[in-house]
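Contents: one structure, followed by commentary.
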Amino acid sequence: MLARLLERGIPVRAMTRSPETANLPEGAEVVRGDLADPAGLEACLDGVETVFLMWPFHDAEPMAAIMDVVERHARRVVLMSSGAVQDGLPPDRHTGRVGRSHAEVERLLAASGLAWTVLRPSTFAANALWWADQIRAGDTVAGPFGAVRMAMLHEADIAAVAVCALTEDGHDQACYLLTGPQALTQVEQVHVIGQALGRPLRWRELSREAARRRFAADDSFADVLLDGYAKMLDGPSPALTKTVEMVTGSPARTFHQWVLDHAGEFAPQGVVHPC
Ligand SMILES: NC(=O)c1ccc[n+]([C@@H]2O[C@H](COP(=O)([O-])OP(=O)(O)OC[C@H]3O[C@@H](n4cnc5c(N)ncnc54)[C@H](OP(=O)(O)O)[C@@H]3O)[C@@H](O)[C@H]2O)c1
């Protein structure tokens, strides 16, 4: 996203907790900051007109303080929310933690005096990188909830929509549900990765308990993730949207394309055989 903004000649300031390892494109001004320290954001936001806000927390508690600082400096916010937010459902009626916290963040943004655009992405295709170690080491991916369907979304499509929302008129007070073009089970995702890499891969189902043991005992995200999968398994297949194409003019990229774009991450010793 930063590279696309810079290509358009738009000055970009990127805030990260770790400027030395962030590996951001040349031309971006990189500053140190932490969303857990709202007071420290004052300097980061000096002179900024439009903010792209990614919400890294699993609750909405820090949002009010962050909004205070943002409102003192900027005019508009493009918020990376989540497809887990259900339209029209109050935050406290969301049963999942991810949906509840993002819904509350959206509510606080809408109640602010800022112009805003909300992006609600479906499952990131990049989550498949969680399997990269297993795929580099062998032909089997072991995981829980193999039957869960996800509308895998290429990060380049999120970036393309974000750039439109950040730079063009006509996106104020818009809420964009972004999905990939197909809903694939995790078993199917592994087969697509195998096809794209040119070597058959298998799924091995793990019980929830066995999967939980692969995370650190105190990893709070593990339970958020596994609860989310359990809920998705019981729910309908994710609805697909054409929002990426509607906003950018280009259809959303397939999961197969995403794998080709990231084939090197799955290849043992960097050997890639895309087909
Ligand atoms: N993954 C999905 O499938 C998915 C789908 C829909 C929506 N989303 C939403 O998209 C957002 C990003 O998701 P993700 O899966 O990419 O999460 P992630 O892998 O955990 O990335 C979180 C990012 O936030 C940064 N970060 C963490 N704490 C921070 C802080 N206190 N101050 C500033 N930066 C901080 C991290 O930077 P460091 O390098 O400093 O750790 C990292 O770049 C989340 O809001 C998530 O709910 C994700």
Note to self: Against the definition (under 20 Å from the mean Cα position of the chain (by Cα), surrounded by fewer than 21 Cβ atoms within 10 Å (Cβ to Cβ) and among the polar types (S, T, N, Q)), how does Q86 come out, yes or no?
What the structure shows: yes
Next item on the list: Please work out which one of (1) more than 22 Å from I158 (Cβ to Cβ); (2) away from the ligand (no atom under 16 Å from the Cβ) is the condition A43 fails and give its number.
Entry: (2)
Margin query: Looking at region 102-115, I want the residues that are on the phi < 0 side of the Ramachandran plot and have a partner that is more than 16 Å from the ligand (Cβ to nearest atom) and part of a loop (DSSP other than H, G, I, E, B) with Cβ atoms under 6 Å, at least 6 apart or on another chain. Which pairs are those?
Written below: A115/D172
Next item on the list: Could you please let me know if D87 is at pLDDT 95 or above and either outside any helix (DSSP H, G or I) or more than 15 Å from W55 (Cβ to Cβ) (or both)?
Entry: no
Next item on the list: Please verify whether region 61-69 includes one or more residues that are exposed (fewer than 12 other Cβ atoms within 10 Å of the Cβ), within 13 Å of the ligand (Cβ to nearest atom) and outside any helix (DSSP H, G or I).
Entry: yes
Margin query: Residue pairs, Cβ under 9 Å, 6 or more apart or interchain, first in region 226-238 and closer than 13 Å to L184 by Cα, second assigned to a helix (DSSP H, G or I). List them.
Written below: P238/M232
Notebook entry, point to check: Any idea which of A110, A147, A142 is modelled with pLDDT of 95 or more and under 19 Å from S82 (Cβ atoms)?
Noted result: A110
Check: If you go through region 225-243 one residue at a time, do you hit one that is touching a Leu at 6+ places or on another chain (Cβ under 6 Å) and part of a helix (DSSP H, G or I)?
Finding: yes
Next item on the list: For region 27-37, name all the residues that are assigned to a loop (DSSP other than H, G, I, E, B) and touching a residue at least 12 places away in the same chain (Cβ under 8 Å).
Entry: G27, A28, G33, D34, L35, A36
Next item on the list: Please work out which one of (1) within 13 Å of the ligand (Cβ to nearest atom); (2) under 29 Å from E188 (Cβ atoms); (3) crowded, with 22+ Cβ neighbours inside 10 Å is the condition E106 fails and give its number.
Entry: (2)
Next item on the list: Would you point out which residue out of A36, A28 is more than 30 Å from K231 (Cβ to Cβ) and of a type outside the set (V, I, T)?
Entry: A28
Checklist line | Odd one out for G83, checked against (1) near the ligand (Cβ under 9 Å from one of its atoms); (2) free of Cβ contacts under 8 Å to residues at least 24 places away in the same chain; (3) not aromatic (F, W, Y) | finding: (2)
Check: How about region 100-154: which of its residues are over 15 Å from the mean Cα position of the chain (by Cα), part of a helix (DSSP H, G or I) and closer than 17 Å to V259 by Cβ?
Finding: W131, A132, D133, Q134, I135, R136
Note to self: Filter region 166-220 down to the residues that are among the acidic types (D, E) and either under 18 Å from L240 (Cα atoms) or free of Cβ contacts under 8 Å to residues at least 24 places away in the same chain (or both) and list them by number.
What the structure shows: E168, D169, E188, E209, D218, D219
Next item on the list: Could you identify the single residue in G194, G180 that is crowded, with 18+ Cβ neighbours inside 10 Å and part of a helix (DSSP H, G or I)?
Entry: G194
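The values are calculated or read from the model by the stated rules, or taken from the named source; none is laboratory data. Worth saying up front: this structure is predicted, and the values here are computed from it rather than measured. Every residue, glycine as well, gets a Cβ built from its backbone with ideal geometry; the counts of neighbours run over all protein chains shown.
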